[in-house]
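Structure first, commentary second.
The values are calculated or read from the model by the stated rules, or taken from the named source; none is laboratory data. Small disclaimer: the values here were computed from a predicted structure and weren't measured. When we count neighbours, we look across all protein chains shown, and the Cβ atoms used for this are built from the backbone with ideal geometry, even at glycine. For accessibility, only protein heavy atoms count, side chains too; no ligands or nucleic acids. Shrake-Rupley method; radii C 1.70, N 1.55, O 1.52, S 1.80 Å.
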Amino acid sequence: MFSMAAEPITPPVEVHHTQLLIDGKFVDSASGKTFPTLDPRTGEVIAHVAEADLEDVNRAVSAARKAFDEGPWPKMTGYERSHILYRFADLIEKHNDEIAALETWNSGKPYEHTSQKEVPLVTRLMRYYAGWADKIHGLTVPADGPYHVQVLHEPIGVAGQIIPWNFPLMMFAWKVGPALACGNTIVLKTAEQTPLSALYVSKLLHEAGLPAGVLNVVSGFGPTAGAAIASHMDIDKLVFTGSTVTGKIVLELAARSNLKPATLELGGKSPMIVMDDADIDQAVELAHFALFFNQGQCCCAGSRTFVHERVYDEFVEKSKAHALKRIVGDPFKNGVQQGPQVDEKQLNKIMHYIESGINSGATLVAGGNRIGNKGFYVQPTVFSDVKDEMAIAREDIFGPVQSILKFKDLDEIIRRANATEYGLAAGVFTNNMNTANTLMRALRVGTVWFNCFHVFDPTIPFGGYKMSGQGREKGIDSLKNYLQVKAVVTPLKNPAWL
Ligand code: NAI
Ligand code: MG
């Protein structure tokens, strides 16, 4: 269902920050260059933002290096750091609606979602990591000998962080929260499509008391500013979210430069498995959400809907009805469930996959077309009769295209669900405890959602097996990305106990 206002709704926010944030100040790029950032509803320019390149990254790294080596950030107590992060969370909460409006304007996500779910989740996540800042401690370990052995957990240094456009602010929070809680300094590059929300909240973080140089934010492109971060000799740690193709490039750059350790969160082709005991209406709804949420632009989207043969036909009919009902339109309009895709490149990629699905013999049961010729809207699209070898069942489409496949039994579904180079997430819909227990261990993925999907609490670790990445973000596990472990051994003279 298409629900477009006659004219795009005017976003209830103004753009104030378009420069680079280096050493606590908003500055132009060294070259003076800018690039346009677009409104995906129309393809029109929202603002021109400063474009970082090597020289700007060098300046940002110098500022972060100095802020780390000389302080005050790593020399402050955990309690003091936690206080600043709590104040930051309060400021995000206070400016929730402006931040959400900026996020929607720049990315096309429904405003109801950014204002009621995503920005509040960012606030929650900052409070979670604020809570960790004074609870990071090492161990005293009982070595076999007269030694006093301590294991110190130290901040790792300057973190280089590169984030994507599908959850601009959430990705900022997943990276900045734990890095700051652990006492590190940062150079972060936003995605070229969506630079605005990170600049806005970074200003708030300084209002909350963050010292200059601790967080530096650069807008710019991958092969220039991004590559400069990944290959920088003075960055101690790389954390990246994006495509598997680019993940391999940055890992190689990290290895060829100073061998900085890397945490990577990459693509996926997650199975959403519907067993024959499932309540079909609920399963249809969940599988729809698993795929179409966020315009289908999720690394962990349930993009292979596997349905048991006994319920397959009914499931396809009901999924079609659901897709036809989905409300697509201006993301600022109340009730809209699906906004535009983020940019023309993504739109073209999705249209190419829809064509490939049709050509490879899948049955198009709903959608299949671009909507209008302005902005980047795509009809919610459903394919049935999808086979494992088709490109739409193997590759990361990153759009509102659901592929429904048929299976017969448990052994078969385990084999087929795991037959992918990815291993990010899986959804399973069943009420059978034995089926659930078998699948939770057999699926080679970082997250299994049973009878739910896309649950992103800050306490829950997230990351992938296989080519979906290395390491975990969120939860306690994310702290490990930002800490060095140092063993300290001292002989004990005449110890009272060992
Ligand atoms: P990308 O992986 O190329 O971009 C992600 C980030 O990496 C951006 O900040 C970009 O500027 C940066 N980057 C790109 N090339 C780089 C390089 N050579 N060195 C350092 N940094 C670099 O993803 P892109 O091109 O925006 O989207 C392509 C596809 O990637 C999407 O269609 C989707 O399939 C997948 N993707 C997956 C995401 C995830 O959450 N895992 C997020 C975004 C895209
Ligand atoms: Mg790319």
The rounded separation in angstrom of the Cα centers of the range 204-239 and the range 468-490 is 20
Computed [θ] at 222 nm, helices only, for the chain once each DSSP H run of length n ≥ 4 contributes -39500 (n - 2.57)
-10500 deg cm²/dmol
Return the aspartates and glutamates within reach of residue 109: Cα separation strictly under 13 angstrom, same-chain partners fewer than 8 residues apart disregarded; answer none if there are no such residues.
39, 118, 330, 343
Pop a pseudo-label 7 angstrom from the Cα along the beta-carbon direction at both residue 498 and residue 14 and give the gap in nm to one decimal.
7.2
Rounded to the nearest 0.05, FRET efficiency between residue 151 and residue 77 (Cβ-Cβ, R0 25 Å) equals 0.80
Global form of the range 345-498, assessed from the alpha-carbon gyration tensor, a/c cut-off 1.5
prolate
Extension gain residue 356-residue 334, at 0.36 nm per residue separation less the Cα-Cα distance, in nm?
4.5 nm
Relative packing of 357-363, 272-278, 225-231, which averages over residues the other C-beta atoms within 10 Å, highest first
225-231, 272-278, 357-363
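For the range 1-150, what ratio Rg/Rh do Cα atoms give with a Kirkwood hydrodynamic radius?
1.12
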Relative contact order of the chain (C-alpha contacts under 8 Å, at least 6 apart) in percent is 19
Need the list of aspartates and glutamates near residue 320 for cross-linking: C-alpha distance under 14 angstrom, and skip anything on the same chain fewer than eight residues off.
281, 285, 385
How much length, in nm to one decimal, is gained on full extension between residue 452 and residue 310, taken as 0.36 nm per residue of separation minus their Cα-Cα distance?
49.0 nm
With r defined as the distance between the Cβ atoms of residue 411 and residue 281 and R0 fixed at 41 Å, what FRET efficiency is calculated, to the nearest 0.05?
0.90
Per-residue accessible area for residue 490 at 1.4 Å probe radius, Å² rounded to 10?
60
Under 12 Å from the Cβ of residue 183, count the other residues' Cβ atoms, weight Lys and Arg +1, Asp and Glu -1, and hand me the total.
-1
Take peptides 248-256, 139-147, 15-23 and line them up by average Cβ neighbours within 10 Å, highest first, as a rough protection proxy.
15-23, 248-256, 139-147
Kyte-Doolittle at least 0.5, axis length at least 15 Å by Cα - qualifying DSSP helices, the chain:
168-181, 196-207, 244-256, 280-292
Taking a 18 Å limit on the Cα-Cα distance, which of the listed pairs 318/406; 135/480; 117/374; 387/408 fall beyond it?
117/374
For residue 141 paired with residue 369, estimate the spin-label separation in nm (one decimal), with each label point 7 Å from Cα along the Cα-to-Cβ line.
6.5
DSSP bridge pairs, the chain: antiparallel proportion in percent, nearest 5:
45
Whole-angstrom gap from the range 289-308 to the range 78-120, using each part's C-alpha centre:
25
Quick one: if the Förster radius is 30 Å, what FRET efficiency do residue 34 and residue 97 give, using the C-beta to C-beta distance and rounding to 0.05?
0.65
Taking only the alpha-carbon atoms of the range 192-291, what semi-axes of the equivalent ellipsoid follow from 5 times the gyration tensor eigenvalues under a square root, in whole Å, largest first?
36, 22, 12
State whether the range 53-99 is rounded, prolate or oblate according to the following rule on the C-alpha gyration tensor (a ≥ b ≥ c being the square roots of its eigenvalues): a/c under 1.5 gives rounded; otherwise a/b larger than b/c gives prolate, and the remaining case gives oblate.
oblate
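How would the chain be classified by its alpha-carbon gyration tensor: rounded, prolate or oblate, with rounded meaning a/c under 1.5 and the a/b versus b/c comparison settling the rest?
Details: a/c = 2.03, a/b = 1.31, b/c = 1.54.
Here the chain falls in the oblate category.
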Work out the length of the dipole vector of the chain about its Cα centre, built from +1 on the beta-carbon of each Lys and Arg and -1 on the beta-carbon of each Asp and Glu, and round it to the nearest 20 debye.
860
Given the peptides 408-419, 92-103, arrange them by the average over their residues of other C-beta atoms within 10 Å, most packed first.
92-103, 408-419
At the level of C-alpha centres, the distance separating the range 8-26 and the range 362-422, in angstrom, is 37
